[in-house]
1. Quick one: of the DSSP bridges fully inside chain A, what percent are antiparallel, nearest 5?
2. What distance in nm lies between label points placed 7 Å from Cα along the C-beta direction at A:Asp201 and B:Ile159?
3. Please tell me the relative contact order of the range B:90-179 in percent, rounded to the nearest whole number, where contacts are Cα pairs under 8 Å and at least six residues apart.
4. Run lengths n ≥ 4 of DSSP H only: what is the helix-derived mean residue ellipticity at 222 nm for chain B, with -39500 (n - 2.57) per run over all residues, to the nearest 500?
5. If you take the charge dipole of the protein assembly as shown about its Cα centre, with +1 on Lys and Arg Cβ and -1 on Asp and Glu Cβ, which of B:Met98, B:Val288, A:Ala132 is farthest toward its positive end?
6. Which one of B:Trp160, A:Ser313, A:Leu332 is farthest out on the positive end of the charge dipole of the protein assembly as shown, using unit charges on Cβ (Lys, Arg +1; Asp, Glu -1) and the Cα centre as origin?
7. Please find the FRET efficiency linking B:Gln55 to B:Arg304, where r is the Cβ-Cβ separation and R0 is fixed at 41 Å, and quote it to the nearest 0.05.
8. Test of understanding: extend the Cα→C-beta vector of B:Glu200 to 7 Å, then name every residue of the range B:208-240 with backbone N under 18 Å from that spot.
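Derivation of every value follows stated rules applied to the coordinates shown; laboratory data play no part. The structure presented is a predicted model; accordingly, all values stated were derived computationally and were not measured. Virtual Cβ from ideal backbone geometry, glycine too; neighbours counted across all protein chains shown.
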Amino acid sequence: MPKMGFAQAIENVIAKAMEEDENVIIMGEDVHGLRLNLFARFGKERVIPTPISESAFVGAAVTAAMAGIRPIAEIMLVDFIGVTMDAILNHAAKISFFSGNKWNVPLVIRTACGGGYGDAGQHEQSLWGWLAHIPGLNIVVPSNPADAGGLMLSSIYADDPVIYFEHKLLADYWLDSMGSGGRTTVSFDVPENGLEGEVPDKWEPLPLGKLKQIKEGNDITLVSVGIGVHRSIEAAKILEEKGISAEVLDLRCLNPLDIEELKNSVEKTSAILVIDEDYKSYGLSGEISAMLLENGLTFKFGRVCTENTIPYSRELENQVLPNKERIVNKALEILKM
Amino acid sequence: MAEFEIWQLYRKMLYSRLFENAVKDLWDKGMISGEMHLGTGEEAIIAGVVSQLEQGDAIAVDHRGTSSFIIRGIEPTLLLLEFLGHSKGLCAGKGGHMHLFSKEHLIASSGIVGASGPAATGFALALNYKKERNIAVAFFGEGAINQGMMLESLNLASIWKLPVLFVCKDNNWAVSTITNEVTGGNLIDRAKGFGIEGYEVDGTDVEAVWKVTNEAISKIRNNDGPQFIHARCVHTEGHFLGDPLLRYNRNPNLLAEVANSLKKYAGKSLDEILLLLRKIGGQTKKKVDPIVIIEKKLKNDPDRLKQIEEEVTKEIDQVVNKTLEIFDGGMNNA
């Protein structure tokens, strides 16, 4: 199997889709530069730079999708989604339902997310839980190149809107422009297996809403998405040394959520720790506990999340974002070891 | 009413420039994290406007606000400590350069493009409501003029006849997009469309900026409602430090590499790409530097120029040293 970078895998799949289906287009701020290869290949009719007008171009992408094309609309950073929330909350998410499922919105909103490079809480949020709260949106958060490609392919061909998250510590070009800026004097905690990894010889769409077991274990389930999966793997290794067998699950999607597989894991381990770079309150971690309870399970529960606005200072930021130390400590705490 | 004092303006501009050069230095060393949007190239606009504000006037700035904070008189050591993420920084190390706030000076920033429009409008609403004679200034780039919230603010300020000075700092680049190519009509006409008088000015000439601002502010203080200034300038450091476009441009090998990597596609738009890359090249070659321009105007008194430069250099050195001393003393983030 060939190796590929996280961002390269996404670009590879989009190129394939654009080649096969002329209805696939890209629009967004700076896309002629951010997607230079695709711009060179498919031209400005299909890779369309926009002004800084998120509310207008995302709103337009919704109806463009309704009228028969498959736009990939880029919101540079998910923090900026606030500017265009109406198009997403009241339109993209609701049109299929309101039309009696007779009119779909095959739209992908691609957006960069996440912290760990000192840019503070207006540029480093995750917000997937906030968006997953809204019925009608698929929420995809890949953690490695193979999933990034396979999930982008299914996102492009999904009938309903998908918000597709690309973590800045995994997508090399984002970290280069926003974190290092060409400097060699700064460093970041980038998980190698997320940055680069094996991808299939031939891209196939991965189903939305299927979690992936990364590591089998019996004592506790560590479940996460995106960068949190890598932090969980690191923590699982430390727990292993302490004689605790942790299972690591990568949800890959928040909507749909693979509750069946999650249930199977927690039935086995009777303990679950949710690792979420998004906010703690009213989010993914609370939702998972509620769903498991609704399914009649009893289990030990804990969560390691971002609990407050992400501070600018790298030192403070490191304390706020989930990391392996916090995961290990919380796991030991809930297992009372 | 403010008096035009070119030497004072020069000192302010130079102070801002040398302060931001020091910021660049610390950023290069890896002591400042994340992005860094410098206001180098904007000094004539910021100094020409901010120097005419009175106590109690409010300022809303964008992600490029350091220069406004410096020229408004916020303690520079506090700013530098903030950029180092120190607990004794202006915002306790929690905000960083895009999220600077000084309640005492009524100046607030935002990293969201366009947000300074509604921010200044709201400041003006409160000042007006309290029957103060004060005004609010919105600083924003021309990229922000295509944000709905900015256009809505122009309308609000107009219908409510609020004391807002909208200052558009136009370098013709919306991050990495040439603004002309994504902006319909012209900005003065836009302002007029909302019933707001607009002034076109060379934003690299502090004297010109000062004069139109003086006229605009006196109208605002006379209850004539909001005014709009469109000032052109150049960002010599691109959108932010380490701007990938400038890195390509400054390194011919890298630029050739990019162009070559695109050749394999030989798409119909290759010419467009090369044109774009050339345009990017043009961005930095055209170095219109407001500091150089004002120094030319003042060249008849070289001794005074030299003296100011020496004084300001020394002051900035002291700020940096004091900051690093506190920084080396450790954080107090517990």
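1. Working: 8 of 46 bridges.
Around 15 percent antiparallel, to the nearest 5.
2. Modelled inter-label distance: 6.4 nm.
3. Rounded, it is 27 percent for the range B:90-179.
4. -15500 deg cm²/dmol
5. B:Val288
6. The residue sitting farthest along the positive end of the dipole is B:Trp160.
7. 0.90
8. Counting backbone N atoms under 18 Å from the label point, the list is B:208-213, B:216, B:228-234.
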